[in-house]
Amino acid sequence: DSYNPDEISSPVAHKQSLRTMLSVCTALNMEIRQLDIKAAFLQSDLTEKIYLRMPPDRRVPGQEDRILELSRAIYGLKQASASFYGDVSAKLKSMGFKATVGDPCLFERTNEKGKMIVCVYVDDITFGVQNSEQADEFIKELRTRFVIEDGEGAPIKYLLGIAIKQDLKAGWTAMSMELAITKLAESVLDEFELAKAKSVDTPMLLTPLLRQKERTVPKDVFDYLSVVGSLLHISNCLRPDISYAVGVLARHAAAPGPAHVKACKRVVAYLYKTRCLGIVFRRDVQGEEANVPKLFEKGRHPLTDESDPKNNFRVFADSDFAGDLETRRSTSGVVIMLNGGPIAWSSQLGKAVATSTCEAEINAATQACKDAVHLHSILCDIGVREPSRTVQIEEDNSAAKAQVEGGIRFIRNAKHYGLKLAFLQELTVDKVVSWNYCPSENQLADLLTKSLDQEKFERFVKRILSHVVT
């Protein structure tokens, strides 16, 4: 048929966009609500000609070969998701909403009744409103096109297995996956291992895992891929503190052995012990040790974002050097904080060997800038950040900072990574990003580049995650 998936944007909002929306709604004191569209795909009209045979229980004797033309999308059809997104997008745009350039599933509308932000995740619609009147009107308008049952539009509670709780009076929104973590732990660990989980303080030991050529633990003994897949979901949704450990485990998915199974169970045990940890966004963010008087250069804290102090949009980039013992490639880490909690993070093993710490840091900074500029664009589109504002990157490598800010003469000394350096220099000259030296003890991205000792690991986790009571 004529279907081209590239013609229509992805019908699913990215998890970064969802966390960004929750963070912004918290800062703007907006109530977060949720609704589900009933039988969503069946409400979408098709634009292509699609034919099917008569279902067996509907066939008329003598007309068994009759062919039907499908007029609406059905579940299992490859066009269904994109077709439904097209209808939802068209309806929202007719209601005055504008899709963000960075994520076409994130919409914003500002009119005389106030601001609204809408995030579409398949048939789940999460939206932020400033008053109940906005919410009632929004649902009423959607019902003119889609079937939405009574009772929908209540304050959000769960999304993608994430428990979400909001307290407008106290000014915070909390995200937790305690239930999902508990189910995973109880399915993977036995009673003795669950009890022993109380002593697991970090997700990974400092001792590196070595590769095997063949699998020595059968799938029926321990389903390694399934457990790592569950850990990846939890890591991508809510828990950056296990991102590096899960990334290491995934490298051994083809041939896991007893040591890898033990390491995998350790991550699960750590999650079970810390299952109450989650992300908390706060309307009024106070700095670390806010009541302790300190003196800083220029009269400000080195982590203060002068361009947007209210939103505290801070980007941390870091890398280890040749941390993978077999390939000697480096791992880059990025953490982006907004309103007291992380909205984006990544832990990635480099595709090529870096020949110096400076080159490894440049690779990490490149990834950080790509993510930061993307999220900056989204924040601008939903009206909470000025396009002219500069994004501040926290960097703890003086050589990398000097190369980025030093101009064209450094390109000659960095021929093998000159394109990345030129990209960063262009962003710097255009004042899209700026660079701030961040001491290693404050570099949050260090958490995603290597195994850390307990004291340092817990200090970083405390600054990124919070205890959440569900």
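Data overview
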| quantity | calculated |
| --- | --- |
| Residue list for the stretch 363-399, restricted to those being within 13 Å of Gly102 (Cβ to Cβ), touching a residue at least 60 places away in the same chain (Cβ under 8 Å) and of a type in the set (Lys, Arg) | Arg385 |
| Unique residue being modelled with pLDDT of 90 or more and either over 27 Å from Lys351 (Cα atoms) or loosely packed, with under 15 Cβ neighbours inside 10 Å (or both) when the list is Ser434, Ser451, Ser466 | Ser466 |
| All positions within the stretch 350-381 that are assigned to a loop (DSSP other than H, G, I, E, B) and out of contact with any Lys or Arg (no Cβ under 8 Å at 6 or more places or on another chain) | Thr355, Ser356 |
| Thr449, sole failed condition from (1) over 22 Å from Ala245 (Cβ atoms); (2) under 23 Å from the mean Cα position of the chain (by Cα) | (1) |
| Test: Lys401 is open to solvent by 40 Å² or more (accessible area, probe 1.4 Å), part of a helix (DSSP H, G or I) and more than 15 Å from Phe313 (Cβ to Cβ) | yes |
| Residue among Leu189, Leu232, Leu194 that alone is under 28 Å from Asp320 (Cα atoms) and either β-branched (Val, Ile, Thr) or out of contact with any strand residue (DSSP E or B) (no Cβ under 6 Å at 6 or more places or on another chain) (or both) | Leu232 |
| Hey, Glu186 of a type in the set (Asp, Glu), at pLDDT 95 or above and farther than 25 Å from Asp453 by Cα or not | yes |
| Residue within the stretch 189-206 that is assigned to a loop (DSSP other than H, G, I, E, B), more than 22 Å from Thr449 (Cβ to Cβ), touching an Asp or Glu at 6+ places or on another chain (Cβ under 6 Å) and not acidic (Asp, Glu) present | no |
| Residues within the stretch 90-108 that are closer than 25 Å to His374 by Cα and either touching a Leu at 6+ places or on another chain (Cβ under 8 Å) or in contact (Cβ under 8 Å) with a residue 40 or more places away in the chain (or both), tallied | 11 |
| Arg109 being in contact with a helix residue (DSSP H, G or I) (Cβ under 6 Å, 6 or more places away or on another chain), at negative phi and either in a helix (DSSP H, G or I) or open to solvent by less than 50 Å² (accessible area, probe 1.4 Å) (or both) | no |
| Unmet requirement for Leu421, which otherwise passes all of (1) of a type outside the set (Ser, Thr, Tyr); (2) in contact with a strand residue (DSSP E or B) (Cβ under 7 Å, 6 or more places away or on another chain); (3) in a helix (DSSP H, G or I); (4) surrounded by 17 or more Cβ atoms within 10 Å (Cβ to Cβ) | (2) |
| Test: residue in the stretch 205-217 that is more than 23 Å from Arg251 (Cβ to Cβ), of a type in the set (A, V, I, L, M, F, W, C) and open to solvent by less than 70 Å² (accessible area, probe 1.4 Å) | no |
| Set Thr20, Thr100: member being crowded, with 18+ Cβ neighbours inside 10 Å, touching an Asp or Glu at 6+ places or on another chain (Cβ under 6 Å) and at pLDDT 90 or above | Thr100 |
| Of all residues in the stretch 340-372 being within 15 Å of the chain's Cα centre (by Cα) and among the hydrophobic types (A, V, I, L, M, F, W, C), the one that is nearest to Ala317 (Cα to Cα) | Ala368 |
| Residues being among the hydrophobic types (A, V, I, L, M, F, W, C), in a loop (DSSP other than H, G, I, E, B) and free of Cβ contacts under 8 Å to residues at least 40 places away in the same chain - total across the stretch 243-288 | 2 |
| Single residue of the stretch 43-65 satisfying the filter (under 30 Å from Lys91 (Cβ atoms) and among the polar types (S, T, N, Q)) that is least open to solvent (accessible area, probe 1.4 Å) | Ser44 |
| Subset of the stretch 161-180 (residues that are open to solvent by less than 10 Å² (accessible area, probe 1.4 Å) and either within 22 Å of Ser44 (Cα to Cα) or in a loop (DSSP other than H, G, I, E, B) (or both)) | Gly171, Met177 |
| Yes/no for Lys273 being modelled with pLDDT of 95 or more, closer than 20 Å to Arg463 by Cβ, under 24 Å from the mean Cα position of the chain (by Cα) and open to solvent by 40 Å² or more (accessible area, probe 1.4 Å) | yes |
| Criterion (touching a Lys or Arg at 6+ places or on another chain (Cβ under 8 Å) and open to solvent by less than 50 Å² (accessible area, probe 1.4 Å)) met by exactly one of Val129, Val88, Val147, Val120 | Val129 |
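Quick grid of which residues meet (1) open to solvent by 50 Å² or more (accessible area, probe 1.4 Å); (2) more than 27 Å from Gly340 (Cβ to Cβ); (3) small (Gly, Ala, Ser); (4) free of Cβ contacts under 8 Å to residues at least 12 places away in the same chain:
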{"site": "Leu70", "(1), (2), (3), (4)": "no, yes, no, no"}
{"site": "Ile74", "(1), (2), (3), (4)": "yes, yes, no, no"}
{"site": "Ser83", "(1), (2), (3), (4)": "no, yes, yes, no"}
{"site": "Gly114", "(1), (2), (3), (4)": "no, no, yes, no"}
{"site": "Glu137", "(1), (2), (3), (4)": "yes, yes, no, no"}
{"site": "Leu159", "(1), (2), (3), (4)": "no, no, no, no"}
{"site": "Thr182", "(1), (2), (3), (4)": "no, no, no, no"}
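The values are calculated or read from the model by the stated rules, or taken from the named source; none is laboratory data. Quantities reported herein were computed from a predicted structural model and do not represent experimental measurements. Cβ atoms come from the backbone with ideal geometry, glycine included; neighbour counts cover every protein chain shown. What goes into the accessible areas is simple: the full protein's heavy atoms, side chains included, and nothing from ligands, DNA or RNA. Shrake-Rupley method; radii C 1.70, N 1.55, O 1.52, S 1.80 Å.
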